[in-house]
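The values are calculated or read from the model by the stated rules, or taken from the named source; none is laboratory data. Here the structure is a predicted model, which means the values were calculated and not measured. Counting neighbours? That spans all protein chains shown, and the Cβs are built from the backbone with ideal geometry, glycine included. Heads up: the accessible areas ignore ligands, DNA and RNA and are worked out on the full protein's heavy atoms, side chains in. Shrake-Rupley method; radii C 1.70, N 1.55, O 1.52, S 1.80 Å.
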Amino acid sequence: MNITTLIFMIFLMAGLLIYYLIPSRFQWQCLLGLSFVFLWAADWRNLLFVGYVAAICYGFAIYIEGMLSEADLPEDRAERKIAKGARARKAKRAVLLAIFLLILILALSKYVPAALHLNLTSVNETLQSRWRFLKLIVPFGLSYYLLMAISYLLDVYWQRGKADHSFFHLVLFICYFPQLTQGPIGTYGQMKGELFKDHGEAWENIKVGLPLMLWGFFKKMVIADRTAVFVGRANSGSQYGLNVLICLVLYGIQLYCDFSGGIDVVRGVSECFGVRLGENFRQPYFSKDLGEFWRRWHISLGAFMKNYIFFPLAMWKPLKLLKKQLRKHMSMKMASKIIVAIGDLIVFLIVGIWHGAGSKYAGWGIYNGAILAFSAVMEDVYRSWKNALHINEQSGRWQTFRLVRTLVIVTIGWVFDCADTASGAVRMFFRMFMLNRTSLGRIFTTKVETLFYLPILFLACMLLLWVDIQHEKGISLRQSIAARPFWKQAAIWTALFQAILLVGRTVGAGGFMYANF
Amino acid sequence: MNIRHSKQNRRKKKQRKERWEPQTRLGKAGCLIALNIVWILFFSFILTQPSILKAELREVQGETNYDTIVVGDSHGETAVDPAVLDEELGTTSYNCSRRIMPVKDIYYLMREVCYHNQPKTILYEIDPTYWRIPGISLGNDTSIFFAGSDPKNRLDYFFKEMLTQPFPNFIADYRLAPRNASQIPGAAYVRLRPSYWHHGEETIPMIMKALYLGANYEYRGRGFRYGHSYSLHMDTLYKPVKFKVGKIVPENVEYFHKMAEFCRSKGIRLVCFYSALPPYRLLRENENAANKYYTDLCKKEGVEFYDMNYLKKEYLDRTDMDYVDLDGHMMGSLGDRQTRVLAKILSSDDPSSMFVDSYDVVLKNLPKDEATSGSALLKEARRYTKKKQKETERALDLPEVTETSYADPAEADTL
């Protein structure tokens, strides 16, 4: 169920009505029911995947917690130590097996078909009618809730959280419907407090949620979908010179608005139910370096990678041994930097592969990972250059340079998104320098359309920039609007809604891009 | 004293403001919804195109039973003259083609036409352009949901289509696009005329004129637009587009299948045809690929298909100058000729003898003179300046529309 559709709006309204009519102690069950309906609407088989993931999490988490507990250990110190060690090894094997079983389902549904060049639709068409229930599907939201499931298991294993003995609590955590489309990827500790608490009054929640949804739809429909028309033209066939640059810049705007718009809609929907989801997007284009950019873009994915991949990787024996070896030839600091660099490379490669199975995703991961790795290793060298050139790091000019530099690096990185393969991305990059073959008429096909839509896009982007600047300054616009007289508030939200109706409808506009991951 | 006075004034001002503010939550929600409804009604008034489709549907579902209905897109509007068809075949026909109509809406249009009407034949003018795009109607007066009157059809449309479209499509049938923005004065003018609200066919010329659709065409009644002068297509030469099977949206094929099933269930003869294209396009595109695709598709669906581009030269000889534009909208004279040929095909037991087998022969038969080429048409069109456009519009200035203006389709020919 696409969250921009009418049927989702009807589903949401009906869901909210039931949710606030029933006693508050049953509200989490209502959320569970709504999530099941949401998944069922996509395909009933999605429920099987959720059940599978939840069962693994439930069973293994309780087993792991049992293994790591101090209960029933021998009294004797030596025997206790041996027993503890044995249990710890069992717990480790259990968590690895659970993670393997979870990743296996992702591999089978996403990566194996891609590797075998299988078209699931064609395969399903060959099934006879009595075997149609075996239809292959790409489980809806699997990439997101799988990471959440892994984080839950690891939190239990590292004793950061307790295993929940309620199976359905766990199911709700995994399949809570607003976050199925594009996250955020919450941890159980964060979500538990929100999902099972008293959710307050309908009016107060909807007053917060609805404007957020409206803003999200504005970004998605008015900016992202309209920009997509130009991006589609700029990215069709082989483009050269400024065409490539325009394609990358517009794609950056499209992706930014599509993703942040989607997140705002998802958070807004969740707020309507009184469930606060974590911030997942924090004005990444104001970042001063690439690392900061990716910490602000898809915050929850970054946090997952940091806590569950990067840090454990740093403590991984082979890397520890490598660090020891490196220390024989260089300083402790440099050896640490190299380990961090390797960690960055591996993490970004995983992030790239998580997004998709093609070479371009791996290429994107390597591109970003390599830049971050290089920056980590060269940190001291950069500092010495800055000192030699007497660059004041706090000066406005230097900060602007850093901002523009980050913008350029990120924009170039979008070639991996726009091309079909990694090699295609590299070719696209080099074609950007063939300025003599620029042909802007392939993007801006008619004068009338260009003169009409580009100013509208520009104004919408300026509004977005202004809003983002306020958020960057820590000003909550929603709260400042709420403090105004009623008619001013009504005018603002009406203007936003009417803008969506007027200019937010594009032929061929589809769902959210991140829902495809 | 002054400070106290100004404080009192501020308090009074605040109290006055608050008096106008709704005090309850329900009141606030109600006011917000009402405010939006007012704006939606306002924008609907000025931006939604006055509906030609409603007028056509009203006509088709009126007292006259039309036994032959033409459906399709803008090419269809100029390609089949119902008056000529009736003259040749003795039928009573109506052309319900509408420009930019998505394939799925054509299916629902067929069903709408059969509401209070029993056609024996439906002629579907296939335009591959609209098979390449998903079927969403955006304020172009092509949505059956907004124009139709059959409750069952609209409900079906709602459940099968509207629910899965972006929610704004259900709330409003308008959008701010260059064309719609330029038509605001015309749309407002039409809606302020009492005659518009009867939605009779007589309002169609008024709507066309108000929306600048009449510059190169004259409305001849029963849905037929008679092309009479050359036009620039989107301000430049038409850009040829190759037909690619991979670009066909599966949803459109699915709806074509539904059309065939529907006609079969109602005992209606469905005849598909591909209107004759200008030589400019045939020489630059791969119409043979479209021909093969639609021939195979129609055979699979068990419906008739005739590609007018494959007619033998003696049946429909033509040049680019027989068209209003290089997209393929016909001049009235060519439209009439094609209609006569179509009538011959429909009444023939074996029309295959009227067609050539190979695309090479089609191309060989095309005129290649500079005088009849696309550039000549472009030159003519550029000579047809805005000033001349206005002159022509004034010359075609129609009398005040009355209920009886188009009571008899034959009367339309005199204007």
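The value given for the range A:241-358 is a Kirkwood hydrodynamic radius of 17.0 Å, derived from the mean inverse Cα-Cα separation. Multiplying the residue separation of residue A:469 and residue A:447 by 0.36 nm and subtracting their alpha-carbon distance yields 4.7 nm. Across every pair of non-identical alpha carbons in chain A, the mean reciprocal distance, once inverted, gives a Kirkwood radius of 25.5 Å. For the range A:6-199, the Kirkwood hydrodynamic radius from C-alpha pairs, put into Stokes-Einstein at 4 °C and a viscosity of 1.567 mPa s, yields a diffusion coefficient of 69 µm² per second. How much net charge surrounds residue A:338 when only other residues with a Cβ under 15 Å from its Cβ are counted (Lys, Arg +1; Asp, Glu -1)? Value of the local net charge: +4. Between B and A, roughly 3300 Å² of accessible area is buried in total, ligands, DNA and RNA not counted and the probe set to 1.4 Å.
Relative protection proxy for B:125-132, B:199-206, B:42-49, from highest mean packing down: B:199-206, B:125-132, B:42-49 (other beta-carbon atoms within 10 angstrom). Amide H contacts of residue B:272: B:124, B:304, B:305, B:306, each under 5 Å away and 5 or more positions distant or on a separate chain (H built 1.01 Å from N in the peptide plane; Pro and chain starts excluded).
3J(HN,Hα) couplings calculated from phi for the range A:486-495 with the Karplus curve 6.51 cos²θ - 1.76 cosθ + 1.60 (θ = phi - 60°) are, in sequence order, 4, 5, 5, 4, 4, 5, 5, 5, 5, 4 Hz; Gly and Pro show x.
State the extension gain, in nm to one decimal, for the chain segment bounded by residue A:307 and residue A:400, taking 0.36 nm per residue of separation less the distance between their alpha-carbons.
That pair, residue A:307 and residue A:400, stretches by 30.4 nm at full extension.
In order along the range B:39-44, the Karplus-derived 3J(HN,Hα) couplings, from 6.51 cos²θ - 1.76 cosθ + 1.60 at θ = phi - 60°, round to 5, 5, 5, 4, 5, 4 Hz, and Gly and Pro are given as x.
A viscosity of 1.306 mPa s and a temperature of 10 °C, combined with the Kirkwood radius over C-alpha pairs in the Stokes-Einstein formula, give the protein assembly as shown a diffusion coefficient of 49 µm²/s.
More than 25 angstrom separation, counting every C-alpha pair in the range B:52-364; what % is that?
Value for the range B:52-364: 48 percent of Cα pairs lie more than 25 Å apart.
Accessible area ranking (1.4 Å probe, heavy atoms, ligands and nucleic acids excluded), largest first, for A:13, A:462: A:13, A:462.
Highest-first packing order for the peptide set A:301-307, A:150-156, B:360-366 is A:150-156, A:301-307, B:360-366, based on the mean count of other beta carbon atoms within 10 Å.
Measuring between their Cα centroids, the range A:463-506 and the range A:222-258 lie 26 Å from each other.
Accessible area per residue for chain A, computed on protein heavy atoms with a 1.4 Å probe, is 48 Å².
Counting protein heavy atoms only, the range B:50-126 has 40 percent of its accessible area on carbon and sulfur, 1.4 angstrom probe. Electrostatic bookkeeping for residue A:205 treats Lys and Arg as +1 and Asp and Glu as -1; over the other residues with beta carbon under 14 Å from its beta carbon, the sum is +1. Electrostatic bookkeeping for residue A:156 treats Lys and Arg as +1 and Asp and Glu as -1; over the other residues with beta carbon under 11 Å from its beta carbon, the sum is -1.
Probing with 1.4 Å while keeping every protein chain in the model, the per residue accessible area of the range B:52-364 equals 37 Å².
Give the shape of the range A:42-124 as rounded, prolate or oblate, defined through the alpha-carbon gyration tensor: a ≥ b ≥ c are the square roots of its eigenvalues, a/c under 1.5 means rounded, and otherwise the shape is prolate if a/b is larger than b/c and oblate if not. Taking the square roots of the gyration eigenvalues as a ≥ b ≥ c, the range A:42-124 is oblate. Contact with the other protein chains removes 30 Å² or more of accessible area, compared with the isolated chain and a 1.4 Å probe, from these residues of the range A:475-505: A:486, A:487, A:494, A:497, A:498, A:501, A:502, A:505. Distances between placed amide hydrogens fall under 5 Å for residue B:219 paired with B:226, all partners being 5 or more residues away or on another chain.
Accessible-area rank, largest first, for B:251, A:271: B:251, A:271, with all protein chains present and a 1.4 angstrom probe. If you take the Cα centroid of the range A:38-114 and the Cα centroid of the range B:238-271, the two points sit 52 Å apart. Working note: Karplus 6.51/-1.76/1.60 with θ = phi - 60° gives the range A:159-166 the couplings 6, 8, x, 9, 6, 8, 8, 9 Hz, where Gly and Pro are set to x. How much of the accessible area of chain A, in percent, comes from carbon and sulfur atoms when a 1.4 Å probe is used? Here it works out to 66 percent.
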